[in-house]
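To start, the structure under review is shown below, and the notes come after it.
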Amino acid sequence: METTAVKSNFKSEEYFINMGPQHPATHGVLRLLLTIDGEIIKKVEPDLGYIHRSIEKMCERDSYQQIVHLTDRMDYLSSHINNEAVCLTVENALQLEIPDRVQVIRTILSELTRIASHCLWWGVMGMDVGALTTYFYGFRDREMINDIFEETCGARLTMNYNIPGGLMFDIHPNFVKRTKEFITHFKTKLPEYDTLLTGNIIFQKRTKGVGILSKEDAISFGASGPVGRASGYSCDVRKHHPYSAYDRVTFNEALKTEGDTFARYQVRIQEMWESMAIIEQLIDNIPEGEHKVATNAVIKLPKGEFYQKVETARGELGVYIISTGTKNPYRVKFRSPGFSNLSLLNHIAVGGKIGDLVASMATLDLVIPDIDR
Amino acid sequence: MNISLSITETIQDWLITMMPEGVASILAMTLVALIYLAIFAVAGLYLVLLERKVAAWFQLRIGPNRVGYWGLFQTMADALKLVSKELTGTVKADKFLYNLAPYFVIISSLMALAVFPFTQEFQAFDINIGIFFLIAISSIGVIGILLGGWSSNNKFALIGAMRSGVQTISYELSVGLSLLTMIVITGTLQLSEIVEVQKHGWLILQGHVPAIIAFMVYMIAGTAETNRAPFDMVEAESELGAGFHTEYSGMKFAYFFLAEFINMFIIAAIATTVFFGAWLSPFGITESLPWLGIFWFLGKTLLLVFLMMWFRWTFPRLRVDQLLTLEWKYLLPINLVNIVIMAIIVWLNLTIKF
């Protein structure tokens with residue numbers, strides 16, 4: 001950031017402004033209490049709770065099959081991955097042997113979800129810095145993925161395709177064909193993203209050197225996902241603690257060291273390429289077999305504590321279940337990526353302009369229901 | 001040079017045959033004002049429609065296509081809706097200034113339209129300081145924006161208004177200086193005479209290199225002065241909601257909205273007049289039919305309007321400090337050097353004339 005502070009004898013007064021709960025840049029009902037001096041931000045205080053639905057408490061009431069459906073409503077843009085996280089926790093606790101077919105399909109769908117989520121993020125990122133056209137480009141490509149999901153799971157947003165023990169039903173016969181079509185389509189369209197936004201000089205001026213997060217801060221704030229990786233913190237759960245079929249594919253972890261808004265942007269663009277690579281490796285050889293293993297109608301987890309983490313489009317999602325051996329969990333805790341990523345907003349936004357706050361907030365890729373749960 | 005009689009005088013001459021001179025001139029002025037008001041209110045609405053269509057073409061959409069053929073009555077319907085809406089306001093707003101602000105904006109836009117030579121005959125007010133008048137009038141609009149933002153008792157609106165003040169005042173310099181660069185060639189501020197000079201080639205050709213630089217600077221500064229993306233600091237919907245007109249509703253909002261589009265038309269129309277020969281056809285192909293001038297004028301203007309829409313739907317927004325850096329550190333010095341180069345070229349008679 002160019003810090004060209006002009007010394008002045010004029011007395012300026014800090015004032016207070018409410019950004020949200022209804023504000024276009026907060027992407028939902030997040031309220032930011034800003035303390036501003038002219039245009040310069042002195043303090044950002046997020047105020048949460050506007051969309052709190054006590055999902056964790058509701059989980060204590062529900063059976064393990066029902067919990068899966070609640071997780072759709074947390075980070076709705078990576079609902080499939082959220083479902084997978086709960087299913088994996090339950091399966092690990094029951095020590096179920098999951099068929100290869102299920103694991104590969106889950107991985108492909110997770111990566112499709114990631115691309116869809118990043119497409120939407122890219123469109124909204126453009127909107128936040130003032131380029132409105134990006135939104136429609138992003139949605140054009142996301143639409144194709146939604147169609148694939150619609151055919152296979154019957155839903156476009158809240159998938160509910162994973163169940164403890166496998167998948168709710170087998171993939172649609174068109175699935176492989178349409179996924180391949182999407183990959184060929186998206187390979188020609190992703191470079192368009194770069195020509196429209198990435199290479200734009202105004203965009204680079206708006207993002208380079210803005211909202212810098214050092215590696216140490218990223219770790220101490222618990223940043224994960226693209227936010228952490230843009231600061232050089234290697235935190236990809238898919239690499240370090242592989243689950244499903246991630247141990248049988250090769251892909252690069254998108255890493256940058258600059259830690260600014262532009263680095264976070266580039267990491268996400270890079271991740272879309274990597275996701276496509278993962279899908280390409282798996283799509284041609286989905287193993288034959290069952291799409292689920294039989295579980296009891298009433299799942300009872302053994303007594304104990306179980307934890308599983310997955311990499312959603314936003315970062316590390318942890319599911320922590322304490323079971324007392326009954327059909328309901330005693331306590332469920334979700335470690336959501338959005339919450340810890342939001343916590344560093346004050347750190348990266350102070351000293352910048354209002355425009356900088358909006359740009360850096362866009363690259364944190366906040367989904368408010370994920371933060372409030 | 002005795003060129004055209006402006007239409008005000010034509011109408012006045014006709015009225016004088018029927019009534020005393022004083023009454024005739026007042027009646028003539030009112031008539032012309034009403035005609036212009038009607039024409040440009042409708043033109044503004046169709047510019048909104050054009051913007052929406054252009055945006056749709058850029059964004060893989062169809063755009064308005066339900067109300068009337070090809071959506072031609074869409075903005076009419078929107079205007080009707082806005083007229084019928086309740087005028088809301090904030091409780092502790094400064095009511096007088098709050099209500100006054102939209103009129104400043106719309107009146108300054110409409111006043112500027114009076115001086116344009118649409119054809120040789122069709123010009124309401126051929127003032128001998130035309131360019132000066134345009135620059136002066138178009139700066140009144142910012143008062144409306146400042147008043148609106150300040151009086152609506154809303155911090156977002158206030159930030160938007162302050163940004164607007166800073167932005168418009170800065171970029172007016174560039175608009176003025178780039179136009180002055182061209183005045184060096186024409187030696188007159190009167191718009192009809194500027195057109196007359198261009199019968200020997202449009203000014204952008206006559207002035208070649210410095211004229212092209214001046215045109216580019218003018219288009220950038222002009223876009224900034226109309227507060228449109230990529231310089232829409234004033235609204236910046238992802239930062240300030242709706243900016244200075246957050247608290248306005250109904251027809252008062254519509255005035256701001258319409259003024260933005262008329263301003264865009266004005267900026268393009270000034271560029272057409274000063275750089276592209278106003279109603280003159282290329283190579284004089286329709287010289288025998290002077291009334292065709294209106295099509296040339298509107299054609300050139302709409303092309304430039306399209307260019308500004310293209311900016312808007314492609315570029316991200318600048319940050320407020322970058323906006324000022326661009327003006328004070330780049331455009332203004334370029335402009336000052338450019339004006340000297342132009343003066344040297346005119347002095348050495350290096351302009352291209354046909």
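The values are calculated or read from the model by the stated rules, or taken from the named source; none is laboratory data. Quantities reported herein were computed from a predicted structural model and do not represent experimental measurements. All Cβ positions, even for glycine, are placed from backbone atoms using ideal geometry, and neighbour counts span all protein chains on display.
Quick test for you: out of A:Met272, A:Met276, pick the one residue that is in contact with a His (Cβ under 6 Å, 6 or more places away or on another chain) and either of a type in the set (S, T, N, Q) or in a helix (DSSP H, G or I) (or both).
Numbers: A:Met276 fails: in contact with a His (Cβ under 6 Å, 6 or more places away or on another chain).
Exactly one residue qualifies, and that residue is A:Met272.
Determine which member of the set B:Leu173, B:Leu179, B:Leu189 is within 23 Å of B:Phe261 (Cβ to Cβ) and away from chain A (no Cβ under 14 Å). Outline the logic, then answer.
Working: B:Leu173 fails: within 23 Å of B:Phe261 (Cβ to Cβ); B:Leu189 fails: within 23 Å of B:Phe261 (Cβ to Cβ).
That would be B:Leu179, the only listed residue that is within 23 Å of B:Phe261 (Cβ to Cβ) and away from chain A (no Cβ under 14 Å).
Could you grab the pairs with beta carbons closer than 7 Å, sequence gap of 6+ or different chains, first residue in the range A:112-136 and within 11 Å of A:Ser78 (Cβ to Cβ) and within 9 Å of chain B (Cβ to nearest Cβ), second one in a helix (DSSP H, G or I) and among the acidic types (Asp, Glu)?
none
Residue-by-condition table, conditions (1) modelled with pLDDT under 90; (2) within 14 Å of chain B (Cβ to nearest Cβ); (3) within 23 Å of A:Ile278 (Cα to Cα); (4) surrounded by 24 or more Cβ atoms within 10 Å (Cβ to Cβ):
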| position | (1), (2), (3), (4) |
| --- | --- |
| A:His69 | yes, no, no, no |
| A:Tyr76 | yes, no, yes, no |
| A:Val86 | no, no, yes, yes |
| A:Leu94 | yes, no, no, no |
| A:Ile98 | yes, no, yes, no |
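Considering only the range A:313-373, give the helices (runs of 4 or more DSSP H) lying wholly within it that have at least 2 residues that are touching a strand residue (DSSP E or B) at 6+ places or on another chain (Cβ under 6 Å), over 18 Å from A:His118 (Cβ atoms) and away from chain B (no Cβ under 14 Å).
Fully inside the range A:313-373 and qualifying: A:345-349.
Output the residue which, of all residues in the range B:37-83 that are among the small types (Gly, Ala, Ser) and touching a residue at least 40 places away in the same chain (Cβ under 8 Å), is surrounded by the most Cβ atoms within 10 Å (Cβ to Cβ).
B:Gly44
I'd like the residue in the range A:279-297 that is hydrophobic (A, V, I, L, M, F, W, C) and in a loop (DSSP other than H, G, I, E, B) and, out of all such residues, is surrounded by the fewest Cβ atoms within 10 Å (Cβ to Cβ).
First, pick out the residues of the range A:279-297 that are hydrophobic (A, V, I, L, M, F, W, C): A:279, A:282-283, A:286, A:293-294, A:297.
Filter once more, keeping what is in a loop (DSSP other than H, G, I, E, B): A:286, A:293-294, A:297.
Values: A:Ile286: 16, A:Val293: 15, A:Ala294: 9, A:Ala297: 7.
Per the stated criteria, the residue is A:Ala297.
Of all residues in the range A:209-233, count the ones that are surrounded by fewer than 24 Cβ atoms within 10 Å (Cβ to Cβ), over 12 Å from A:Ser360 (Cβ atoms) and not small (Gly, Ala, Ser).
So the answer is 6.
Residue by residue, here is whether (1) in a loop (DSSP other than H, G, I, E, B); (2) surrounded by 24 or more Cβ atoms within 10 Å (Cβ to Cβ); (3) more than 14 Å from every other protein chain (Cβ to nearest Cβ); (4) in contact (Cβ under 8 Å) with a residue 40 or more places away in the chain holds:
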{"site": "B:Glu193", "(1), (2), (3), (4)": "no, no, yes, yes"}
{"site": "B:Val209", "(1), (2), (3), (4)": "no, no, yes, yes"}
{"site": "B:Ile270", "(1), (2), (3), (4)": "no, yes, yes, yes"}
{"site": "B:Val274", "(1), (2), (3), (4)": "no, yes, yes, yes"}
{"site": "B:Ala278", "(1), (2), (3), (4)": "yes, yes, yes, yes"}
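Looking at the range A:328-339, I want the residues that are closer than 13 Å to A:Val227 by Cβ and modelled with pLDDT under 90 and have a partner that is aromatic (Phe, Trp, Tyr) and surrounded by fewer than 22 Cβ atoms within 10 Å (Cβ to Cβ) with Cβ atoms under 8 Å, at least 6 apart or on another chain. Which pairs are those?
Pairs found: none.
Report whether or not B:Val166 is modelled with pLDDT under 85, among the β-branched types (Val, Ile, Thr) and either over 18 Å from the mean Cα position of the chain (by Cα) or crowded, with 23+ Cβ neighbours inside 10 Å (or both). Before the answer, list the steps.
Details: modelled with pLDDT under 85: no; among the β-branched types (Val, Ile, Thr): yes; either over 18 Å from the mean Cα position of the chain (by Cα) or crowded, with 23+ Cβ neighbours inside 10 Å (or both): yes.
Considered against the rule, which asks whether it is modelled with pLDDT under 85, among the β-branched types (Val, Ile, Thr) and either over 18 Å from the mean Cα position of the chain (by Cα) or crowded, with 23+ Cβ neighbours inside 10 Å (or both), B:Val166 comes out as no.
Cβ-Cβ under 8 Å, sequence separation 6+ or interchain: first residue in the range B:239-255 and touching a residue at least 40 places away in the same chain (Cβ under 8 Å) and within 14 Å of chain A (Cβ to nearest Cβ), partner surrounded by fewer than 21 Cβ atoms within 10 Å (Cβ to Cβ) and outside any loop (DSSP other than H, G, I, E, B). Which pairs?
From the range B:239-255, the pairs are B:Gly241/A:Pro24; B:Gly243/B:Glu237.
Can you find a residue that is assigned to a helix (DSSP H, G or I) and under 24 Å from A:Met127 (Cα atoms) anywhere in the range B:168-176?
Within the range B:168-176, the first condition is being assigned to a helix (DSSP H, G or I), and the residues that meet it are B:168-176.
Checking the rest, the ones that are also under 24 Å from A:Met127 (Cα atoms) come to B:168.
Yes, the range B:168-176 has at least one match.
Scan the range A:139-176 residue by residue and report those that are within 14 Å of chain B (Cβ to nearest Cβ), touching a residue at least 24 places away in the same chain (Cβ under 8 Å) and not aliphatic (A, V, I, L, M).
A:Arg140, A:Asp141, A:Arg142
Scan B:Trp328, B:Trp291 and give me the residue that is surrounded by fewer than 14 Cβ atoms within 10 Å (Cβ to Cβ), in contact (Cβ under 8 Å) with a residue 12 or more places away in the chain and under 27 Å from B:Gln190 (Cβ atoms).
It is B:Trp291.
With respect to the numbered conditions (1) within 26 Å of A:Tyr50 (Cβ to Cβ); (2) out of contact with any Pro (no Cβ under 6 Å at 6 or more places or on another chain), which one is the sole condition not fulfilled by A:Ala297?
(1)
Which of the residues spanning the range A:182-217 are in contact with a helix residue (DSSP H, G or I) (Cβ under 8 Å, 6 or more places away or on another chain) and away from chain B (no Cβ under 12 Å)?
Those that are in contact with a helix residue (DSSP H, G or I) (Cβ under 8 Å, 6 or more places away or on another chain) and away from chain B (no Cβ under 12 Å): A:Phe182, A:Ile183, A:His185, A:Phe186, A:Lys187, A:Leu190, A:Tyr193, A:Asp194, A:Gly211, A:Ile212, A:Leu213, A:Asp217.
From the list B:Trp296, B:Trp310, B:Trp291, pick out the single residue that is within 14 Å of chain A (Cβ to nearest Cβ) and in a helix (DSSP H, G or I).
Numbers: B:Trp296 fails: within 14 Å of chain A (Cβ to nearest Cβ); B:Trp291 fails: within 14 Å of chain A (Cβ to nearest Cβ).
Among B:Trp296, B:Trp310, B:Trp291, only B:Trp310 is within 14 Å of chain A (Cβ to nearest Cβ) and in a helix (DSSP H, G or I).
Sort out for me the helices (runs of 4 or more DSSP H) sitting completely within the range A:200-252 that have 3 or more residues that are more than 20 Å from the chain's Cα centre (by Cα) and under 30 Å from B:Pro316 (Cα atoms).
On the way: elements: A:201-207, A:215-220, A:225-230, A:237-240.
Of the helices (runs of 4 or more DSSP H) lying wholly inside the range A:200-252, those with at least 3 residues that are more than 20 Å from the chain's Cα centre (by Cα) and under 30 Å from B:Pro316 (Cα atoms) span A:201-207.
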